[in-house]
Amino acid sequence: MVARLTAAQYLAWQERRRGGQAPPPAAAAPKKKARKKAPPAHPGPPSTPPAPAVEPLLAMLSAPGRHWTLLMPYAEELLTSNQRLHHMAVHRIRQQLRKDAAGMAMARRLPRLERAAIFYVLHPRPLSRKRDPGNWAPTAKHYVDGLVTDAGLLPDDNHEFLMGPIPVMGESVTTGFARMSLVIVELSEPLTSGNAETVTGTAG
């Protein structure tokens, strides 16, 4: 039977015959390190968006009274429905949102109301992709908590006293991260389905 050697085995056999040592096996090629994704570019300094148009919002309500528009303090961290954050980070952001809303209510000396509708107007970053203001509902919820629970704007935030918060798309900011305005409308009639003829998230 004829033994069949590989080329490497034959070379090793020849080295042994000459009294030498077999050459060490070739080192494995180093694994390529995965490229780390570069962090997204910072959008620049904060900017002030145009005030939202209030008339189309008032037209949705059957009994609007006094109204106030609050541009909420600039924050690089807002909560959205599609984020994946550690619960401690969510708690920290939530507490800041409530504090910001309560501080704005007190600074503007908002009166205590019996009933109100609250619209939250998203001012997104100037990107080409479409935005859904409803995704920012978690931010609006904690702003409302700050207004109602911490600042005492309403007796409670249940359906008997509060309509909303209702999402609205506003004009974009020019630089910086997205911002949010709250439009608070006093309602003079008890809340029923007839208070809002059409409430959508597309008013401008």
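Read-outs throughout are calculated quantities, based only on the coordinates presented, and are distinct from any laboratory measurement. Bear in mind that the values here come from a model prediction, so they are computed numbers and not experimental data. Quick reminder, even Gly has a Cβ in these numbers, built from the backbone with ideal geometry, and neighbours come from all protein chains shown.
In this Cβ point-charge picture (+1 for Lys and Arg, -1 for Asp and Glu), the chain has a dipole of about 2300 debye about its Cα centre. Projecting the Cα atoms of Leu191, Gln95, Pro40 onto the charge dipole of the chain, computed from C-beta unit charges around the Cα centre, puts Pro40 farthest toward the positive end. Largest mean-square fluctuation among Gly146, Gly134, Gly44, in a Gaussian network model of the chain whose springs join Cα atoms under 10 Å apart, belongs to Gly44.
Counting Lys +1, Arg +1, Asp -1, Glu -1, what net charge surrounds Asn158 among other residues with beta carbon under 15 Å of its beta carbon? Result for the neighbourhood of Asn158: -3. Once backbone amide H atoms are built at 1.01 Å from N, Met163 has Ala116, Ala117, Ile118 as its partners under 5 Å, excluding neighbours fewer than 5 places away on the same chain.
Using a Gaussian network model on the chain with a 10 Å cutoff between Cα atoms, which of Lys32, Lys99, Lys130 fluctuates the most? Maximum fluctuation in the GNM of the chain, among the listed residues, is at Lys32.
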